Each structure stands twice: as structure tokens, then as C-alpha cells.
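S.K.: A single structure is presented below for examination.
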Protein chains: 2
Amino acid sequence: MALETILSSISAVNAKFIEHAQKHLDNLTKPQGSLGRLEEFAKQIVSITENSMPSLDKKVVFTFAGDHGVADEGVSAYPKAVTHQMVLNFMNGGAGINVLARHAGADVVVVDIGVDHDFAVEGLKPAPIVGGLFISRKIVSGTRNMRKGAAMTRDEAIKCIDVGIEMANGYAKRGYKIFGTGDMGIANTTPSSAIAAVMTGKSVEEITGRGTGINDDTWKIKVQVIKDAIALNRPNPSDPVDVLSKVGGAEIGGIAGLIIGAAANRIPVIIDGFISTAGALIAYSIEPNTKDYMFAAHMSQEVGHKTILEKIGLRPILDLDLRLGEGTGAALAILVIEAGLKIYKEMATFGEAGVSEKG
Amino acid sequence: MALETILSSISAVNAKFIEHAQKHLDNLTKPQGSLGRLEEFAKQIVSITENSMPSLDKKVVFTFAGDHGVADEGVSAYPKAVTHQMVLNFMNGGAGINVLARHAGADVVVVDIGVDHDFAVEGLKPAPIVGGLFISRKIVSGTRNMRKGAAMTRDEAIKCIDVGIEMANGYAKRGYKIFGTGDMGIANTTPSSAIAAVMTGKSVEEITGRGTGINDDTWKIKVQVIKDAIALNRPNPSDPVDVLSKVGGAEIGGIAGLIIGAAANRIPVIIDGFISTAGALIAYSIEPNTKDYMFAAHMSQEVGHKTILEKIGLRPILDLDLRLGEGTGAALAILVIEAGLKIYKEMATFGEAGVSEKG
């Protein structure tokens, strides 16, 4: 299993690289610290890559797609078929993630890790098409309905994490320098809220939101479904793989694996919104040092997001009332992180520019 | 005077363009409203330009540079010479604004509207050089020390506003589609805080910050200098040109004029941090309809910034603890606003993509 072998290669970042970067930043033609978080981003990239002049030229957002048996309980505003329809939209370049990834100069890789649909019908092959690259690693054809039993077996959950690790290893080898996470899966705020409730100890009501835009009645059903699923499956909060398998989802496992793989390969990984952050919480619980490699893209409108970010200890980069997922927030945040790195790499020093220092 | 003739051509944006844009956004393959503020930005651009498919291909940040007589009072951490040294740094492409404008694909135009230095010494001519275009429109060679009298005459203040209007008109004619504001001027948080105190009614202590990074003792001096200047000059809060002339600055007037000119030309204008927002407050007080054309780039670390944003009624786009000025926040915010417009223009509709709508 990729998961077990890779964990030993993950360590916290080395503070000496942060100090080195700080020294350089303080010599640039600006009051010290006046570029705020942009300077923090540069320091984090230097410390992750252990490179005093890192580059982020090859960028990729992974959109993991999976279906959810719990959609049968009527927890979403959209029919389940939208998951596979949106995968086709990703491949045609017409979705939000395509637009924002193009804007950020990032590639989109769509990973079918659990969609309940045979894409052979549309002739989708593991090849680059208009909008992105389609990769088939179907571990389940949709999870099982967690209100009636475990969403996945423990073995399936580990295989999902392994898919994410495989993606990280493969794209690290291909020379990619920064990863973004993304998700597609109708009903997937339901397992994400379940994970958040189990692993943060908050009440289900506190961490359950409106997803794609459900009304009050559907929200009440959603809360009850999550409560029932937790009561029935009794996931163990101190065993993240148990939580992922019983009340999680395939794409959430893939995202967790990507983050673990990113940390092992010393590659910065930008966590998108609520579903991605649920995956990040799984990764963080498996190996807390993964946190050093994470950037939180944004503060989602989805109510439970803030709770998970606080649990991991991440401060979001953007706050734009986004709640789409797909990796859209991650794509946009790449541009802000890059801005920080460019400040670090391209600004003149006081000496070079002949500018007087602080009196 | 450009100011008087241009005001009649500024009107509030037409709500019918916002409705038109909303209808299109609601037909794109995402839950309605799920791209949050990105959708708001697109609607605002459509309503400003009165164009259902606008483009932001030509972008420019104007960095207005001016010196301040009040620097003699020891209110800044840096010597006054840094203003002109930084102008040279802008022209060599080594400053923060150069890096971030390049990142955003925007040009930088540096306007000497009040620097106490003869750039002929360095052979700077009104021509494009490495980092930006240098334009000489020197209205004053530094303002006078406002602790001893009015910083500028009323005529000088109006001429500064006219320079900003001239820039807006000229760059509108050259086909530029979006403007950013920026400033350079050692000690210029002092007049900006004075403007904020006079025009918002807050105490000087509440709206005076640390600027480039002054210590407690210097902060106390700065507060006293601002109080003295207001007591001596008695600027009239209901006469923004009076406030600008007595306790303002040349670059603040240029920024106010640029915003007025942007509104008259139906061009969106991104307001940078504290100094730019003081200029925006002058513009807004002269003509409140200018607000419809403004985007607030970010929430500055400078303490008075929030107060002015609230007074105008602007919500900042980014929150990255920036406090450099120059137009750095505006440059970065351009990328986020562009993201919103690209969502609007490039995403597929439900019909085009064959994706099922909300059940």
C-alpha cells in the first residue's frame, strides 16, 4: 500500500529555510513586512521546496469525482446524474474550474475515482482533451448509502487514498511544482459534514450547510441523515481511515491522498473549499506534518468550513463567498501565492536600487 | 478646469445591465450564486461599461508620486529622499508595483505630480522605460508643511485633480479598459489620516496608524502634528477641495481626479490601500456616483483604512495584511476581478453542456 510506505518520508518543514527567506525579504525595497501575507506565502514555498529560488511554473488542479449512495436520501438540490454530466463539462472546458485554471495557467486533471457512470459510453479515454486530462481510477461506482451501512470498506478507503498518492507521485515526476485540490460529487457536502462532526466534536447542526442551495426542509432531512449515519456506523474519531470509509467518499479519500503525496514530494498543495478541507482533515489526522505543505485557498460560504480550517490551523487566502468546489478557489489562490513568490524573486534590494533604508 | 466640466457626465450605473448580467450568470453550469463575489464583479463590470460582453484586455496602474512638507515634522520612518529614489526604482522595474503589475498583465504609469526633486538630473523623460512610463505633471515641488499652513492652495489642489482627470481621459482614448490607483510619497499616511479625521468625524487617534513602521514615540508625534494641522487650517468637511488643499497632498488629488475621470469615461477603477482610499473619499464627496465605478482592492493593515471604506460603502476584495501602497493591492485585485469576468464570459450554460438543472 502506497499510504503506509510514504508516511515515513513526510517531515515538518525546516525553519532555517524560513529564516533565509525572511532575511532576503527584509532587504527588498519596501518597509519590512509591508507585503503581509504575500511574504508569508513566499517563505512557505521556500521552506516546502528547500530551494532558495523556487519556481511554480508547472501547476495542476486535480478534480476528484465520485458519487454518493446517500444522494438517494434526497439531501441535494441536484439529481445524481449531474456528477457525470459535470465531468463531461470539465472535459469540454466549460465549467468554472476550467475557466479559473486557464486564468491561473494551471492544467486540470479530472480523476474518476468513484463516479456511478461508465464513461466508455462517451468515449472518454485517459488522454488530454479540450478542457483537461481524464484519468480513470474508479475504486467504487458510487459509495453505498451511509444511512444504511458503511459508505466504503476500509480497503476501498485506503485504495482511494492510494489513488491520490499515485497522482502526487506521478505529477511530481512530470515536473509539476504546485498542486490544487478539487472535487465533484452530487451530495458530497453530506459526507464532508459527517466527517467534520465526527472529527471536530461539533454538533451536526453546526457544521451542516446548504450545499448547492437546499431549502429548510431538505436541510432538516440532511441533518437527520448525517445523525443516523453516524449513529449506525459509529466511526472512530481517532482512526481517520475508519471515518473516511464509513461516512466519507471516494473523492474525499483521493484528496487526502493527494495532500499526503504532495507533502512526501515537498510540493505545496492548495486546499479548495469545504469538501477538499474535509479531505485535508483526514490527511492531517493521518500525518499532522502535512499541514506545513497546505495552503487554504479560501473561506467558503459552506458553514462547516471555518470549523475544519480552525481544527487544522489554516488561515484562508481569499474570502469571496465561493461555494462551488471543483477546485475553483484553489485555482484562483494559485495566482495570489505566485504573486508572493514573484515579490520574493523579482523585487530589487535597497542596495541594487539605491534607495535609503529606514532612518 | 477639467473638474467642473466633467462632473455633469457622471451618472449612477443603470440597473438594467445588472439584471441582464444576473440572468446570464444564473444560466451557467453552477448552482446560482455559488461563485459569490466573482459574480458580483462581473455584474459591476457589465453595468459600468454598459456592454454585455466587456473586455479588460488593456490594464494600467497609475502611481502618483508627491512629497510632503509635513515630513519635516519627523512623522515617517524613512527619509524624504526615498520618494524620488522609489520613482527611479519604479522606472527600473524593481519595486513591488512593477512585480505585481507584470503578474497582472498591467502597465505601470508613474506620474510625478508633486515630487520635490528634478528628475532631469537622471535624464527621466516622458517615455516608456523598463518598468513603466514616466509622466511629468509637477503641480508642486512637495506640499508645504501643513502644521504651519495650508499644504496647497485651492488652485493647486484643483490642478492636481485635473491631472488625474487628464490621465483618465488620455488612457480611455488609448483603449485602456481598467485602471488601478497607486501612490508614492514619504509621510503620506499623515495627510491621509488628516483627511479621514476631518471627513469621517473620527478622532485622530482612531484613524492614525504606523505607516511605514513607526514606533510609539513617533506615532504620538504624528497624532499631534495632525491635530495641530487641523486646528490651524480648519478644513471645511463639506468642501472636499478645501480639505484636499489644506491637509491633503498632490498625489491624493491626482488619485481623486483619476477616479472622477474613470467614472466619466465608464471605466472601472480599482482603489488601492489607505492613501488611495483617502483620494477616493475626496472623489466620492465631490460626486457620490463615482462609487459605482470603484472596486476596493484590499483591506490594508493601516488602521484608518476600514473607516474610510465604510464611509464610502466599499467591501474590500483581498485581505492580505498589505500596507505598501504604490498600487500593489490594486494590481493584485485586477486578477480577481478579471477572474469574475472570465467566469461570466467563458463558462458553458446548462443547455450547452447538457447538465441537468436544479430538481
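S.K.: Working from Cα positions, state the angle (0 to 90°, nearest 10) between the long axis of helix B:216-233 and the longest principal axis of chain B.
M.R.: On a 0 to 90 degree scale, this one is about 80.
S.K.: Mind checking the dipole of chain B: about its Cα centre, +1 per Lys or Arg Cβ, -1 per Asp or Glu Cβ, Debye to the nearest 20?
M.R.: 260 debye
S.K.: Looking only at A:152, A:294, A:347, which one moves most when chain A is put into a Gaussian network model with springs between Cα atoms under 10 Å?
M.R.: The residue with the greatest mean-square fluctuation here is A:347.
S.K.: Also, quick follow-up: Could you tell me how many cubic angstrom of Cα convex hull volume region A:55-336 has per residue?
M.R.: 105 Å³
S.K.: What does the buried accessible surface come to for A and B, summed over both chains, with the probe at 1.4 Å? Round to 100 Å².
M.R.: The summed interface area works out to 4500 Å².
S.K.: Between region B:181-223 and region B:72-128, what's the alpha-carbon centroid distance in Å?
M.R.: Here the two parts' Cα centres lie 21 Å apart.
S.K.: Have a look at B:30, B:227, B:80 and tell me which one the Gaussian network model of chain B (Cα, springs below 10 Å) gives the largest fluctuation.
M.R.: Among B:30, B:227, B:80, the largest GNM mean-square fluctuation belongs to B:30.
S.K.: A further question follows. Please list, in order along region B:298-308, the HN-Hα scalar couplings obtained from phi with the Karplus expression 6.51 cos²θ - 1.76 cosθ + 1.60 (θ = phi - 60°), rounded to whole Hz, x for Gly and Pro.
M.R.: 3J(HN,Hα) across region B:298-308, in whole Hz: 6, 9, 6, 6, 5, 4, x, 4, 4, 4, 5.
S.K.: Using the Karplus curve 6.51 cos²θ - 1.76 cosθ + 1.60 with θ = phi - 60°, what ³J(HN,Hα) values do you get for each residue of region B:176-193, in whole Hz, with x for Gly and Pro?
M.R.: 6, 10, 8, 10, x, 9, x, 9, 9, x, 4, 5, 6, 6, 5, x, 5, 5
S.K.: When only Cα pairs under 8 Å and 6 or more residues apart are kept, what is the percent relative contact order across region A:152-243? List each step's numbers first, then the result.
M.R.: On the way: 47 pairs, mean separation 26.9, N = 92.
Relative CO of region A:152-243 lands at 29 percent.
S.K.: Given only helices, namely DSSP H runs of n ≥ 4 each adding -39500 (n - 2.57), what is the per-residue ellipticity at 222 nm of the protein assembly as shown, to the nearest 500 deg cm²/dmol? Provide the component values of the computation, followed by the final result.
M.R.: Working: 30 runs with 344 residues, N = 718.
Calculated at 222 nm, the ellipticity per residue is -14500 deg cm²/dmol.
S.K.: Roughly to the nearest percent, how much of the accessible area of chain B is carbon and sulfur, given a 1.4 Å probe?
M.R.: 48 percent
S.K.: Just to check I understand the Karplus step: with θ = phi - 60° and J = 6.51 cos²θ - 1.76 cosθ + 1.60, what whole-Hz values come out for region A:283-297, glycine and proline as x?
M.R.: 4, 4, 6, 6, 8, x, 5, 4, 4, 4, 9, 8, 10, 8, 4
S.K.: Here's something else I'd like to know. Could you work out which residue, out of A:65, A:196, A:77, moves most in a Gaussian network model of chain A, that is, has the largest mean-square fluctuation with Cα springs under 10 Å?
M.R.: Comparing A:65, A:196, A:77 in the GNM, the peak value goes to A:77.
S.K.: Now for a separate question. Name the long-range amide H neighbours of residue B:115: under 5 Å, sequence gap of 5 or more, or other chain; modelled H, no Pro or chain starts.
M.R.: HN-HN under 5 Å from residue B:115: B:67, B:142.
S.K.: Once Lys and Arg get +1 and Asp and Glu get -1 on their Cβ, which of A:248, A:101, A:198 lies farthest toward the positive end of the dipole of chain A?
M.R.: Toward the positive end, the furthest listed residue is A:101.
S.K.: Just add up the charged neighbours of residue B:236: K/R +1, D/E -1, any other residue whose Cβ is under 12 Å from the Cβ of residue B:236.
M.R.: That sum, taken over residues with Cβ under 12 Å, equals +1.
S.K.: What's the angle, to the nearest 10 degrees (0 to 90), between helix A:15-25's Cα axis and the longest principal axis of chain A?
M.R.: Once rounded, the angle reads 50 degrees.
S.K.: Next up: For chain B, what is the accessible area per residue in Å² when the probe is 1.4 Å?
M.R.: For chain B, the solvent-accessible area averages 33 Å² per residue.
S.K.: In region A:80-120, which residues give up 40 Å² or more of accessible area once the other protein chains are added, compared with their chain alone (1.4 Å probe)?
M.R.: Checking the loss per residue gives A:85, A:89, A:94, A:99, A:100, A:103.
S.K.: Right, next: In terms of solvent-accessible area of protein heavy atoms at a 1.4 angstrom probe, what is the ranking of A:302, A:205, highest value first? Don't jump to the answer; show the numbers that get you there.
M.R.: Working: A:302 15, A:205 75 Å².
From most exposed to least exposed: A:205, A:302.
S.K.: Out of residues 5 or more away from residue A:184 or on other chains, whose amide H comes under 5 Å of its own, with H placed 1.01 Å from N in the peptide plane?
M.R.: Long-range HN contacts for residue A:184: A:64, A:65, A:66.
S.K.: Placing unit charges on C-beta atoms (Lys and Arg positive, Asp and Glu negative, everything else neutral), compute the dipole magnitude of the protein assembly as shown about its Cα centre in debye, rounded to 20.
M.R.: For the protein assembly as shown, the charge dipole is close to 100 debye.
S.K.: What is the mean number of Cβ atoms from other protein chains located within 10 Å of the Cβ atom of each residue in peptide B:211-218, rounded to a whole number? Please list the in-between numbers first.
M.R.: Working: counts 2, 5, 5, 2, 0, 0, 0, 0.
Other-chain Cβ atoms within 10 Å of each residue's Cβ, averaged: 2.
S.K.: Could you work out the relative contact order of region B:55-336, using alpha carbon pairs under 8 angstrom and six or more residues apart, expressed as a whole percent? Mind showing how you got there, number by number?
M.R.: On the way: 674 pairs, mean separation 70.4, N = 282.
This gives 25 percent for region B:55-336.
S.K.: I would also like to ask the following. Over region A:211-299, what is the relative contact order in whole percent, taking alpha-carbon pairs under 8 Å and six or more residues apart?
M.R.: Details: 76 pairs, mean separation 22.6, N = 89.
Reported relative contact order: 25 percent.
S.K.: Please give the solvent-accessible surface of residue A:176 in Å², to the nearest 10, using a probe radius of 1.4 Å with every protein chain present.
M.R.: Approximately 30 Å² for this residue.
S.K.: Considering the dipole of chain A built from charges on the beta carbon (Lys and Arg +1, Asp and Glu -1) around the Cα centre, which of A:308, A:86, A:53 is farthest to its positive end?
M.R.: A:53
S.K.: Amide H of residue B:270: which non-local residues (sequence gap of 5 or more, or other chain) have their own amide H closer than 5 Å, using H built in the peptide plane?
M.R.: It is B:179, B:180, B:181, B:295, by chain and number.
S.K.: Which positions within region B:327-359 get 30 Å² or more of their accessible surface covered by the other protein chains, compared to the chain by itself, with a 1.4 angstrom probe?
M.R.: At a threshold of 30 Å² (probe 1.4 Å), the residues of region B:327-359 that become less exposed are B:332, B:335, B:336, B:339, B:342, B:343, B:346, B:347, B:355, B:356, B:358.
The values are calculated or read from the model by the stated rules, or taken from the named source; none is laboratory data. Quick caveat, the model's predicted, so the values are computed rather than measured. Virtual Cβ from ideal backbone geometry, glycine too; neighbours counted across all protein chains shown. Calculation scope for accessible area: heavy atoms of the full protein, side chains included, ligands and nucleic acids excluded. Shrake-Rupley method; radii C 1.70, N 1.55, O 1.52, S 1.80 Å.
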